[in-house]
Number of protein chains: 2
Amino acid sequence: MAKEITSREENYSQWYNDIVKKAGLADSSAVRGCMVIKPYGYAIWEKIRDQLDKMFKETGHVNAYFPLFVPKSLFEAEEKNAEGFAKECAIVTHYRLKNDPENKGKLIVDPDAKLEEELIVRPTSEAIIWNTYRDWIQSHRDLPILINQWANVVRWEMRTRPFLRTAEFLWQEGHTAHATSQEAIAESKLIHDLYAEFAESFMAMPVIKGYKSENERFAGAEETYTIEALMQDGKALQAGTSHFLGQNFAKAFNVTFSNAENEKEYVWATSWGVSTRLIGALIMTHSDDEGLVLPPKLAPIQVVIVPIPKPEPKLIEKAEEISLALKDLGISVKIDIDDTKRPGFKFAEYEMKGIPIRLGIGNRDLENNTIEVARRDTKEKLSVELDQVVPYIEKLLVEIQENLYSRSRSYRDDHITKIDTFESFKEVLENKGGFLSCHWDGTSETEDKIKEETKATIRCIPLDADYEDGKCVYSGKPSKRRVIFAKAY
Amino acid sequence: MAKEITSREENYSQWYNDIVKKAGLADSSAVRGCMVIKPYGYAIWEKIRDQLDKMFKETGHVNAYFPLFVPKSLFEAEEKNAEGFAKECAIVTHYRLKNDPENKGKLIVDPDAKLEEELIVRPTSEAIIWNTYRDWIQSHRDLPILINQWANVVRWEMRTRPFLRTAEFLWQEGHTAHATSQEAIAESKLIHDLYAEFAESFMAMPVIKGYKSENERFAGAEETYTIEALMQDGKALQAGTSHFLGQNFAKAFNVTFSNAENEKEYVWATSWGVSTRLIGALIMTHSDDEGLVLPPKLAPIQVVIVPIPKPEPKLIEKAEEISLALKDLGISVKIDIDDTKRPGFKFAEYEMKGIPIRLGIGNRDLENNTIEVARRDTKEKLSVELDQVVPYIEKLLVEIQENLYSRSRSYRDDHITKIDTFESFKEVLENKGGFLSCHWDGTSETEDKIKEETKATIRCIPLDADYEDGKCVYSGKPSKRRVIFAKAY
């Protein structure tokens with residue numbers, strides 16, 4: 001093996017870090033909690049971004065760009081939102097450095113260049129955007145506004161992990177403005193559905209769709225819709241949220257419109273986002289002890305062709321012929337012409353990087369008119385006739401995508417456990433993990449106590465839950481439906 | 001007219017601001033010097049970005065992402081670079097706000113949350129990137145590194161103008177690492193050529209290719225290659241720069257590699273960037289007193305179809321038929337189905353937004369089997385047979401692109417003036433403006449004095465200048481070639 005990583009069984013957390021490092025996805029940086037997204041990791045983000053961007057545009061959204069900084073007076077305007085982010089934000093206080101008179105070649109902050117008002121590096125952009133929307137919205141004819149932004153944001157998190165929780169991360173944030181509550185709710189649900197569709201069809205990652213309890217709701221939202229995925233270690237990961245913000249931001253920033261009857265009303269809002277965290281979700285949904293496993297639809301390179309034992313002209317020529325035919329079908333291909341590494345090393349490298357299909361092509365294969373096809377997901381290898389390989393690969397990519405989904409779906413389904421007593425809650429949480437489907441009395445107090453005793457939180461109240469009479473798993477009080485508890489990333 | 005703007009003759013600067021505002025490109029924000037890029041402005045940036053990204057990838061570059069923040073100790077490591085940016089940078093000093101005990105609902109910076117080391121919001125990323133490259137580069141086999149980043153940067157400029165000079169702007173910054181000086185120089189020239197090709201073929205904006213004098217060189221560079229464009233008011237605009245950085249950053253950050261002989265050497269570097277400033281350049285190269293004029297290759301909407309006098313079903317049906325046929329050719333089309341505005345208003349609106357071609361379709365046209373085609377660039381209108389309109393438009397888009405280039409090229413060529421005396425230098429600069437091609441004695445002192453007396457600077461030393469004996473236009477000292485002076489944005 002070219003590169004060894006810790007096994008999942010041995011140490012899941014270390015396994016994750018090893019994959020991030022050895023698949024070349026990200027690196028640490030000199031800035032606390034901030035990562036460097038390396039070219040291969042960024043290429044995955046580009047696939048995610050391009051697909052989501054297409055889906056946003058198909059549903060009528062446009063992109064725009066708002067400032068990185070939020071003046072403190074705007075930041076504090078929506079109180080709940082401010083409270084939610086005030087404790088972990090980066091604050092710009094000065095705008096100039098000067099030479100340190102006591103240390104040649106060193107710089108110090110120039111005390112004469114203090115800002116009159118501090119600027120917060122955006123942890124999210126509701127404040128700066130709604131302050132702008134006030135100027136853009138006068139009449140109902142100015143609505144809806146359906147804007148998305150691709151941007152970096154900063155949250156000064158204390159404990160960070162690459163992709164999953166970083167001080168700076170990349171994301172998209174949609175911010176829409178509507179004339180009615182109904183329209184805004186419909187928008188937040190539309191995006192909720194879009195996120196679920198993206199997670200399942202592109203990431204091959206099953207998700208539970210639901211809404212958040214009050215404790216877990218976005219600061220400033222009336223309702224937070226979420227998609228919740230389950231990682232291989234039994235912990236949940238919140239993969240995307242869509243918020244119905246009511247008129248909270250319109251009121252905080254005084255954004256009104258004249259309705260058709262020429263009466264002033266406050267505007268209704270939504271916001272929604274997914275981030276580079278999705279790369280962490282991808283890793284922990286599909287990968288194995290050999291490295292990353294990527295669903296074909298998000299793999300920067302879908303097929304790699306390795307000439308065996310080395311890149312001779314005749315083999316490269318054949319590889320190029322196959323590559324061209326695959327590219328015509330929109331399949332991305334790399335031919336490995338590096339002659340300094342042996343095939344075994346390369347195989348391990350491409351397994352580490354999660355390339356869905358590897359083709360090995362040697363002289364004996366050519367003579368027999370065959371080629372070796374290796375699947376990353378099942379690690380199966382088989383010999384395919386050369387003139388059949390292109391259509392075979394086209395079908396195989398679809399099959400791998402489906403297999404990854406059904407595999408993670410089975411795992412997820414096997415890890416939704418109906419729980420009716422707090423004893424079994426603790427036991428299952430400890431030993432099996434996963435989603436715990438339980439009755440809950442609907443109070444924050446109970447949720448807090450369960451979190452305190454077990455670290456589990458309510459991931460969501462599923463939209464498709466049946467109504468049934470039951471008793472809260474903790475307090476024994478009556479409940480009408482089950483909610484999903486889990487430990488979460 | 002739906003919206004009137006100041007004429008160029010009356011006030012060029014106000015005309016520019018009017019276009020930015022009334023074409024819906026950008027808006028001011030609550031943050032000093034930062035703009036909001038509105039959806040239409042951002043759509044132009046997406047066209048620019050996507051085309052450049054394609055060209056970067058075709059030349060072997062990959063994207064990555066580095067942190068927004070640069071710790072002060074890294075920022076100051078390359079002294080010239082630090083000196084160039086220290087006086088205008090945003091500095092993060094704290095990471096938490098707390099409730100103001102004296103003002104309920106207000107927040108103040110928590111003095112207990114002071115960072116041990118201040119963070120500079122990147123004005124450019126050489127420092128943070130070269131600090132990372134140290135870990136990535138050991139051997140000559142790790143080179144070259146050909147990385148680009150799409151990012152926001154912040155420079156605390158005192159006087160700002162939308163797109164042209166803003167405190168925060170969007171850009172791409174390439175940062176490459178090479179084993180030899182020759183390779184690094186070749187890379188910086190490759191990108192210089194790529195930028196010129198983009199400016200001329202896509203922006204339809206002629207540029208002079210050259211390199212900077214020492215005064216105007218990028219802080220930390222050994223050589224800065226530039227493309228210089230000429231705006232309609234006779235002022236120059238630096239549209240893109242590509243820097244050969246020598247080993248300056250490798251030395252500052254101790255980045256070495258073992259060469260083939262296993263000896264340690266410092267790595268050679270380039271960096272290069274273009275920004276949202278290009279949108280300002282686009283505006284001031286082509287637009288007129290009716291509004292924005294966009295080259296078809298960068299227009300978010302290339303063709304708009306307006307049913308006349310209003311969007312009746314029969315007209316919409318025909319418009320959709322034409323639209324589909326155009327979209328099949330990769331042409332972007334909007335059909336205006338708004339029935340609350342009159343055609344005259346819409347025409348003015350699309351002129352303001354610079355849509356290259358407008359089609360007017362009415363019942364009488366349908367009867368006559370014709371359609372009205374209006375060009376934005378020349379404002380010509382003519383009637384085209386309906387069944388010819390699709391191929392006609394395909395050709396016309398090419399013609400408009402070429403016409404815009406040749407028009408701005410003629411203007412530019414007419415505004416390169418050979419100057420041999422300082423009297424005529426001042427006279428031409430004052431009355432005609434444009435590029436002044438003059439002999440210069442090669443000293444910073446002379447350049448400084450000319451700048452002081454006239455505000456003109458050396459835009460570049462053109463790569464294609466002939467060698468000829470002459471005398472410096474200011475000092476009379478001998479000179480071997482002419483350089484380009486101008487007032488600049």
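Considering the conditions (1) under 31 Å from the mean Cα position of the chain (by Cα); (2) over 28 Å from residue B:280 (Cβ atoms); (3) touching a residue at least 12 places away in the same chain (Cβ under 8 Å); (4) surrounded by fewer than 21 Cβ atoms within 10 Å (Cβ to Cβ), residue B:421 is excluded by exactly one of them, (1). If you filter region B:441-483 down to residues that are in contact with a Gly (Cβ under 9 Å, 6 or more places away or on another chain) and assigned to a loop (DSSP other than H, G, I, E, B), you find that the one that is surrounded by the fewest Cβ atoms within 10 Å (Cβ to Cβ) is B:464.
Table: residues versus (1) more than 12 Å from every other protein chain (Cβ to nearest Cβ); (2) surrounded by 21 or more Cβ atoms within 10 Å (Cβ to Cβ); (3) in a strand (DSSP E or B).
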{"position": "B:120", "(1), (2), (3)": "no, yes, yes"}
{"position": "B:128", "(1), (2), (3)": "no, yes, no"}
{"position": "B:190", "(1), (2), (3)": "yes, no, no"}
{"position": "B:195", "(1), (2), (3)": "yes, yes, no"}
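For region A:137-193, a residue qualifies if it is farther than 30 Å from residue A:260 by Cα and acidic (Asp, Glu), and the qualifying residues are A:157, A:168, A:193. Scanning region B:44-81 for residues that are farther than 23 Å from residue B:195 by Cβ and free of Cβ contacts under 8 Å to residues at least 40 places away in the same chain gives a single hit, B:76. Out of everything in region A:148-166 that is over 25 Å from residue A:64 (Cβ atoms) and of a type outside the set (D, E, K, R), what residue ends up being farthest from the other protein chains (Cβ to nearest Cβ)? Selected residue: A:164.
Look at residue A:40 and say whether it is surrounded by 18 or more Cβ atoms within 10 Å (Cβ to Cβ), within 23 Å of residue A:350 (Cβ to Cβ) and either assigned by TED's automatic domain parsing to the domain that holds residue A:128 or more than 21 Å from the chain's Cα centre (by Cα) (or both). Taking the combined requirement at face value, the residue satisfies it. Among the residues of region A:424-440, those identified as surrounded by 13 or more Cβ atoms within 10 Å (Cβ to Cβ) and either in the same structural domain as residue A:207 (by TED's automatic domain parsing) or not in a helix (DSSP H, G or I) (or both) are A:433, A:434, A:435, A:436, A:437, A:438, A:439, A:440.
A single entry from A:59, A:6, A:93 fulfils the requirement of being surrounded by fewer than 21 Cβ atoms within 10 Å (Cβ to Cβ) and in contact with a Ser or Thr (Cβ under 6 Å, 6 or more places away or on another chain): A:93. When residue B:136 is tested against the conditions (1) within 9 Å of another protein chain (Cβ to nearest Cβ); (2) touching a helix residue (DSSP H, G or I) at 6+ places or on another chain (Cβ under 6 Å), the lone failure is (2). A count restricted to region B:28-75 and to residues that are more than 28 Å from residue B:132 (Cα to Cα), in contact with a strand residue (DSSP E or B) (Cβ under 6 Å, 6 or more places away or on another chain) and more than 7 Å from chain A (Cβ to nearest Cβ) stands at 2.
The values are calculated or read from the model by the stated rules, or taken from the named source; none is laboratory data. This one's a predicted model, so the numbers in the text were calculated from it and none came from an experiment. Note: ideal-geometry Cβ built from the backbone for every residue, glycine included; neighbour counts use all protein chains shown.
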